[in-house]
Amino acid sequence: MKNKAFYEFTFPEHIDGRGALVPLEFDENLPFTPKRVYFLHSTPEGTIRGSHSHFIEEEIFLCIAGSCTALVDFDGNGKREIKLNSANKAIYVGKNVWHEFKNFTPNAILLCLSSVNYMPGEINYELNYEKFKNIYN
């Protein structure tokens with residue numbers, strides 16, 4: 001059974017002699033209808049991205065080229081590592097789930113589907129991990 005706050009899944013992948021195709025259908029199989037798509041690339045070695053939770057936003061992440069490691073805490077009991085190393089492997093990150101990304105390979109492209117348009121500032125982000133853990137304690 002899927003955790004409502006966080007889970008891993010795969011998108012379908014169609015492989016034949018021409019290569020592989022991974023369709024991203026914005027239908028009832030996704031937990032939300034994406035309103036924004038963005039991607040990270042050319043991430044310098046040793047960089048950590050993310051390092052926050054959202055009060056409002058939900059996201060789906062997949063590393064469509066190369067690989068990276070996601071660190072996710074969905075219950076205040078510590079960060080869990082998930083290797084994103086396949087173009088169709090994804091993670092759903094719901095509201096109040098801490099997430100960060102590290103160990104980007106030089107060719108990594110991390111794609112994100114977001115449930116909201118960009119929301120800057122404190123209205124959507126918890127940037128302090130200790131404060132985040134207090135949500136669950």
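This ranking places Lys4, Lys95, Lys89 by how few other beta-carbon atoms lie within 10 Å of each, fewest first, which gives Lys4, Lys95, Lys89. With neighbours defined as other Cβ atoms within 10 Å of a residue's Cβ, the residues Phe104, Phe26, Phe11 order from fewest to most as Phe26, Phe11, Phe104.
Highest GNM mean-square fluctuation among Lys102, Lys83, Lys35, for the chain modelled with Cα contacts below 10 Å: Lys35.
3J(HN,Hα) along the stretch 78-92: x, 7, 9, 8, 10, 7, 9, 9, 9, 5, 10, 7, 9, 10, 9 Hz, from the Karplus curve 6.51 cos²θ - 1.76 cosθ + 1.60 with θ = phi - 60°, whole Hz, x for Gly and Pro.
Fewest Cβ neighbours within 10 Å first, please rank Tyr92, Tyr38, Tyr129 accordingly.
Least to most surrounded, the residues fall as Tyr38, Tyr129, Tyr92.
Backbone amide hydrogens, once placed in the peptide plane, bring Ala90 within less than 5 Å of Phe9, Thr10, Phe11, excluding anything fewer than 5 places away on its chain. Would you look at the GNM of the chain, springs on alpha carbons closer than 10 Å, and say which of Ser53, Ser42, Ser115 moves the most? Fluctuation is largest for Ser42. The stretch 73-103 and the stretch 15-67 have Cα centres spaced 11 Å apart.
Under a Cβ-Cβ cut-off of 12 Å, what is the net charge of the residues other than Lys95 that fall near it, where Lys and Arg count +1 and Asp and Glu count -1? Spelling it out: positives minus negatives among the neighbours equals -3.
Here, each number is a calculation from the coordinates, and none is a lab measurement. Note that the structure is a prediction, hence the values are computed from the model and not measured. No Cβ is skipped: glycine too gets one built from the backbone with ideal geometry, and neighbour counts run over all protein chains shown.
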